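This report concerns only the one structure given below.
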Amino acid sequence: MSKNKGPRFRPALAGVLSAALLAAVPVGAEEVHDPLEPINRTIYGLNELFDVMLLGPVAQTYGELPRPLRTGVRNVLDNLRSPVTFVNDLLQGEFDRAGVTFARMFINSTIGIFGLFDLASEFGYPPHEEDFGQTLAVWGVGEGPFLMLPLLGPSTVRDAAGLVVDRAAFDPLARLGDTDIGAARAIGETIDTRHRLDPVIRDLRRNSLDPYAAVRSAYLQRRAAEIRNRRPPAGERGYEAIFREEGDDDDAAAR
């Protein structure tokens, strides 16, 4: 794993941008365990600078590409992550979901041309994601202190440890040790995710009085929901909206 720096960079966007997406969702003022808040806020500011100076403009340029091309890129990247989801499905005892993940891998990697086309969804096998951070939570491991990681964005001690395990043990592409392939994959995931979340990120910057607190609360809320496999708390309305990303409808139409 030490030779493959690409996979370590890949979660950068996943963490930063999925939390930015959720920051648009109102969250309560619940207590959070953030003993490193001064340091975390500094790192958040540096991440924002990186986004404004480099990542955001690159993502806007990417958005000028034809939609079918962008959808194909996203499908391939999602397919490459399937082995991680499959192993964590099994570790969580979610054997039905593991079967769905395996079917998706097989269908999209073959007649879907290495994942370029998401035919599995058309055949009734919808996508989902699992990671070792969620597996640890299912096993009863607490989330620990909140962390804002350089480039990687919002996390917790448990989720950061889960990222390491996923990359070191469960990701076949990472285990190949090919730095160029790993870097290309990481860059592709980063730019694609950032492009799809651009409207939400802009809204966050315009309307949030404390973007750091909004991102922190939103990240913790989403992780708790993902651990429940997106099952809503009792009496919760509009719950699925927190998982929607900009471009979902457009991408679905293009598949």
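The table for this structure:
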quantity: Condition met for residue 200 (modelled with pLDDT of 90 or more and of a type in the set (Val, Ile, Thr)); calculated: no
quantity: Residue within segment 10-32 that is at pLDDT 50 or above and touching a strand residue (DSSP E or B) at 6+ places or on another chain (Cβ under 7 Å) present; calculated: yes
quantity: Restricting segment 59-72 to residues that are out of contact with any helix residue (DSSP H, G or I) (no Cβ under 6 Å at 6 or more places or on another chain) and not hydroxyl-bearing (Ser, Thr, Tyr), the residue that is farthest from residue 108 (Cα to Cα); calculated: 60
quantity: Checklist (1) part of a helix (DSSP H, G or I); (2) closer than 19 Å to residue 222 by Cα applied to residue 147, failing item; calculated: (1)
quantity: Lone unmet requirement of (1) modelled with pLDDT under 95; (2) touching a strand residue (DSSP E or B) at 6+ places or on another chain (Cβ under 9 Å) for residue 147; calculated: (1)
quantity: Given (1) at pLDDT 95 or above; (2) not in a loop (DSSP other than H, G, I, E, B), index of the condition residue 65 fails; calculated: (2)
quantity: Number of the exception - residue 117 against (1) buried (at least 17 other Cβ atoms within 10 Å of the Cβ); (2) not in a loop (DSSP other than H, G, I, E, B); (3) not acidic (Asp, Glu); calculated: (2)
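This table checks each residue for (1) surrounded by fewer than 22 Cβ atoms within 10 Å (Cβ to Cβ); (2) touching a Ser or Thr at 6+ places or on another chain (Cβ under 7 Å); (3) closer than 24 Å to residue 34 by Cβ.
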position	(1), (2), (3)
142	yes, no, yes
149	yes, yes, yes
152	no, no, yes
176	yes, no, no
182	no, no, no
187	yes, no, no
191	yes, no, no
199	yes, no, no
204	yes, no, yes
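The values are calculated or read from the model by the stated rules, or taken from the named source; none is laboratory data. None of the values given here were measured: they were computed from a predicted structure. Here Cβ is always computed from backbone atoms with ideal geometry, including for glycine, and neighbour counts include all displayed protein chains.
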